[in-house]
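Colleague: Below are the structure tokens for one structure; questions will follow.
The values are calculated or read from the model by the stated rules, or taken from the named source; none is laboratory data. Quick caveat: nothing in here was measured; it's all calculated off a predicted structure. Here the Cβ positions follow ideal geometry from the backbone for every residue, glycine too, while neighbour counts run over all protein chains shown.
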Amino acid sequence: MMRVQITKRTANVRPRKKSRPRHIHVLKNLTFYLPLLVLTLLVFTAVFADVLAPHDPVAVSMQERLLPPAFMEGGTKKYLLGTDQLGRDILSRMIYGSRISLSVSLAVIAITASVGTVMGIVAGYLGGATEALLMRITDISMAFPPMLLALLLAVVFGPGFWTVVLALSILGWAPYARLIRGETLKLRYTDFVAQARINGASSLRIMVKHIFPNIVNSLIVVITMAVGMLILAEAALSFLGVGVPPPAPSWGYMVNEGRSVIDRAWWISAFPGIVIGLVVLSGNFLGDWLRDKLDPRLRQL
Amino acid sequence: MMQNRAKTVLEVEGLRTSFFTRKGEVKAVDGISFYVREGETLGLVGESGCGKTVTGLSLLRLLPEPAGRILDGKILLDGIDLLALSKKEMRAVRGKVISMILQDPMTSLNPVYTVGEQIAEPVRQQQGLRGEKAREAVIAALRLLHIPSPEVRLRDYPFQLSGGMRQRVVGAIAMSCNPRLLIADEPTTALDATIQAQYLALFKEVQRKTNVAIIFITHDFGVVARMCHRVAVMYAGKIVETAPTEVIFRQPWHPYTAALINSVPRLDRKVERLYSIKGQPPSLINLPPGCRFCPRCPKAREICREREPEARQVGSEHFVFCWQVS
Amino acid sequence: MSRYIVIRILQAFLALIGITVLVFILVRASGDPTHLIITPTSTPEEIANLKKQLGLDKSYPEQFVVFVSGLVRGEFGDSIIKRKPAAEMIKEALPNTIKLGLPAFFIAMALALGLGVLAAARRDSIYDAGVKLIAVLGQALPGFWVAIMAMLLFSVRLRLLPVAGAGTLKHYVLPVGTMVFFLLPGMMRLVRSSMLDVLDAEYIRLARIKGLSEAKIIWKHALRNALIGPLTTAGMIFASLITGAVITEIIFNWPGMGRLLVEAVTARDFPVVQAITMLVAAMDLGMNIVVDIAYAFVDPQIRHQKS
């Protein structure tokens, strides 16, 4: 659930010759602009959360607890999406929650993508014992149940922002390493790499100047596709109570909080879940779109 | 000639096949007519993309759906119009009455089934043979294609065989139900030169034994010379010239045919330089009016640009579509 | 072939040793569990006694030897919280997870296979669109949220199904459904794309040329080739059923391994966490070997590999 599954098949992937109906073409562009809009909004919301939020996300108001959303009977304009058991504003909490989702995802991507890329390029380019060792470590990392490790780490270090980042990063680099190694292997035997070698370029220089620029496209695609998965994973950890600890308003934690009063106040769980779904959907669509544009060979991802 | 008395197996009249894509209608095959007799090999020759393979697939009604469609024409097999058959009836024709050999033996066999199983399938499906009888038919097919120790080979998986051997297996599949017509789509292009010669000789022998009619699709006039009794030259979805092989080599009428023949290196003739055809075949979406070859034709005249040439008979079984002839 | 499997088993064994060490270190690093048991009135003697009783007074290497020799005998030590053997607790919880996980796994795989194949065979049809929609939603909506919403709809509003707990057949509907929702989309997508690749292959065209029926082409010629990729994923999914059940068991208050794990982790109940981790790791590795063997059945090329 938390691991990016990369099952790139070895079967020869040929481009399809079949034509697609026109409406699919129009849809393809929509699946770019709408997700882009949603994700831009997410970043905007996260950055300007303190300006946008109508209330303090952690301000408790016991008189105004379990208020329904404004559009329902008994709801007020003051709390557009209602309040939770402690009378906190759902909307404001969700706005602040975007900061947690986004910052955790970005931190994890920064760590996993860079570690994975370095490991992948080094393993793919140097080969031999280095490659064997790095790839064994990668295999073991990919075989380890991510949920189990996340739970263990949460206990070892106590719940917190960096614990979540570590829990998601410690295994998350492996799929990058595997993919980048594959790409590097293909580049290693190209003529321009051979030429650079003949010209006396060092291994480091070849990896940085010749190999890396050629895998950037694949990297961008995989990173985009990981966004949705990370947001889901962060939400799942928060839901289990091992995410960024309360009172910080994480979306997954909010869904969990609403669980005990689901019969009386469905909105506490419902709204954060919808937002998670929307953001993840956008990330996945954008990833698909980028993959088709930049690197159609990764269709299996 | 002997072949003139042989019965006609296949007769195609005005076949038109198009692909409907986002960019428009691709007229892959645009009104072609030809015939093949028992025991005869017709070479279907042309550059890639001229519609040879689409013609072959049209005969089997196996165009990629939903883009490909047969728009018009008749495909008469022993007098029966295949285009009038139901899907189910058509399926009974495939493999049994018409079969086909694909280009690449490395990819045209299913990697997870044994050779014997893959040959047995059409035998069971189309001839209703089971058990020992089916096995005998499989072995007979392997023998026909000179596959050594067939009883052992039929337990092999494709990956255990060489490319040439695999293409023989594909041939055995095609011949397993004793078809009337065999379409061979560049069956030797993917093979080494020596294996290629063996394979061609093998097919001549198979034809002698079974009297099967063969449509041999190729781009190589060298192969044509060795294999085919008659030739139909295709250009941009149309047949431009058709004639008995020795006639066409001696006296090609169409400038395109002449250019193709001249581009084959030969030892028995002194050639100053190998001929190459300037330019590219036209896009099959926006075809020019008039003769399709005229933008590349060294002998193009005013009329060539305006009207499509009609068939002219210039000899026994020799037809040309070119204004130069009239 | 047999050599290949021996190598795989050897590799799995090495990995198991690695995980044993890792688990041992991680669990010790998570802090002293005696703090959770002692009360403010506990005397130092009592604490020392407790540590001795739990074997925590020994040095780490000694503890490791005790840990490993216990593993070999199938003993994982006693739960610190519940004061009974961890193995016994697992014995109580495991059947519940199996009762939840097995039906969910087989339902999800059967659906993934059927729908994935249908979508590929009828590409760009209404079926394909439906399958894509399920896949897209399934991969975007958080499973725990869908489970809660299903609970709200079917249990709270419509009162058709029990809210939580285990017991009657009705109790299975929502938890199994939730797990199917977790497992289905990725697998279905994989089957579909794998099938599409295979359907483009030349040997499929040859099968059509032979005059085989569409059903034979899809179920005999295409599927067996298309399964080679998804098989690995299915194995991985099966191996991770215990951790995969965590969220479902928490939501529906299901007395299985997942819930036991979360409870044990939050209570720092070493022996139980250790036991579950070892079991999960062993299952994972065992499943990998099963997948390798299954591979050999599907793909003759692997079966005939001599080296």
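Colleague: Regarding the stretch C:84-96, can at least one residue be identified that is on the phi < 0 side of the Ramachandran plot, among the basic types (Lys, Arg), outside any helix (DSSP H, G or I) and outside the structural domain of C:Thr20 (by TED's automatic domain parsing)?
Modeller: Within the stretch C:84-96, the subset on the phi < 0 side of the Ramachandran plot is C:84-96.
Applying the additional criterion that residues be among the basic types (Lys, Arg) yields C:84, C:91.
Keeping just the survivors that are outside any helix (DSSP H, G or I) gives C:84.
Those still in the list that are outside the structural domain of C:Thr20 (by TED's automatic domain parsing) too: C:84.
Looking for residues that are on the phi < 0 side of the Ramachandran plot, among the basic types (Lys, Arg), outside any helix (DSSP H, G or I) and outside the structural domain of C:Thr20 (by TED's automatic domain parsing), one finds at least one in the stretch C:84-96, hence yes.
Colleague: Could you please find all residues in the stretch C:215-239 being small (Gly, Ala, Ser) and away from chain B (no Cβ under 11 Å)?
Modeller: First pass over the stretch C:215-239, keeping only residues small (Gly, Ala, Ser): C:215, C:222, C:226, C:229, C:234-235, C:239.
Within the stretch C:215-239, C:Ala215, C:Gly229, C:Ala234, C:Gly235, C:Ala239 meet the criteria.
This table checks each residue for (1) within 14 Å of chain C (Cβ to nearest Cβ); (2) in a helix (DSSP H, G or I); (3) more than 28 Å from A:Val164 (Cβ to Cβ).
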residue: A:Leu204; (1), (2), (3): no, yes, yes
residue: A:Tyr253; (1), (2), (3): yes, yes, no
residue: A:Glu257; (1), (2), (3): yes, yes, no
residue: A:Asp263; (1), (2), (3): yes, no, yes
residue: A:Asn284; (1), (2), (3): yes, yes, no
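Colleague: Can you tell me how many residues in the stretch B:61-82 are buried (at least 16 other Cβ atoms within 10 Å of the Cβ) and under 22 Å from B:Glu25 (Cβ atoms)? Walk me through how you get there before you give the answer.
Modeller: From the stretch B:61-82, those buried (at least 16 other Cβ atoms within 10 Å of the Cβ) are B:61-63, B:67-68, B:70, B:73, B:75-77, B:82; that's our starting set.
Among the residues that remain, those that are also under 22 Å from B:Glu25 (Cβ atoms) are: B:61-63, B:67-68, B:70, B:73, B:75.
Looking only at that region, the number is 8.
Colleague: Now, a different point. Which one of these is farther than 21 Å from A:Ala236 by Cβ and not assigned by TED's automatic domain parsing to the domain that holds C:Val21: C:Ile251, C:Ile293? Talk me through it step by step, then tell me what you get.
Modeller: Working: C:Ile251 fails: farther than 21 Å from A:Ala236 by Cβ.
Going through C:Ile251, C:Ile293 in turn, just one is farther than 21 Å from A:Ala236 by Cβ and not assigned by TED's automatic domain parsing to the domain that holds C:Val21: C:Ile293.
Colleague: List the helices (runs of 4 or more DSSP H) that sit entirely inside the stretch C:120-214 and contain at least 2 residues that are surrounded by fewer than 20 Cβ atoms within 10 Å (Cβ to Cβ), more than 7 Å from every other protein chain (Cβ to nearest Cβ) and not charged (D, E, K, R).
Modeller: Working: elements: C:126-140, C:143-150, C:170-199, C:202-209.
Qualifying helices (runs of 4 or more DSSP H): C:126-140, C:143-150, C:170-199.
Colleague: Collect the residues in the stretch C:14-30 that are more than 9 Å from chain A (Cβ to nearest Cβ) and more than 17 Å from C:Gly70 (Cα to Cα), keeping them in residue-number order.
Modeller: Step one: of the stretch C:14-30, the residues more than 9 Å from chain A (Cβ to nearest Cβ) are C:14, C:16-17, C:20-21, C:24-25, C:28.
The answer is C:Leu14, and nothing else.
Colleague: Follow-up. For a quick check of your reading: which helices (runs of 4 or more DSSP H) sit entirely within the stretch C:249-304 and have at least 3 residues that are of a type outside the set (Lys, Arg) and crowded, with 19+ Cβ neighbours inside 10 Å?
Modeller: Numbers: elements: C:257-266, C:270-298, C:300-303.
Answer list for the stretch C:249-304: C:257-266, C:270-298.
Colleague: Next up: Restricting attention to the stretch B:58-76, does a residue exist that is under 30 Å from B:Pro281 (Cα atoms), at the interface with chain C (Cβ under 10 Å from one of its Cβ atoms) and of a type in the set (Gly, Ala, Ser)?
Modeller: For the stretch B:58-76, residues under 30 Å from B:Pro281 (Cα atoms), at the interface with chain C (Cβ under 10 Å from one of its Cβ atoms) and of a type in the set (Gly, Ala, Ser): absent.
Colleague: Any residue at all in the stretch C:240-247 that is at the interface with chain B (Cβ under 10 Å from one of its Cβ atoms) and touching a residue at least 60 places away in the same chain (Cβ under 8 Å)? Let's see the steps before the verdict.
Modeller: Going residue by residue through the stretch C:240-247, those that are at the interface with chain B (Cβ under 10 Å from one of its Cβ atoms) are none.
Looking through the stretch C:240-247, none of the residues is at the interface with chain B (Cβ under 10 Å from one of its Cβ atoms) and touching a residue at least 60 places away in the same chain (Cβ under 8 Å).
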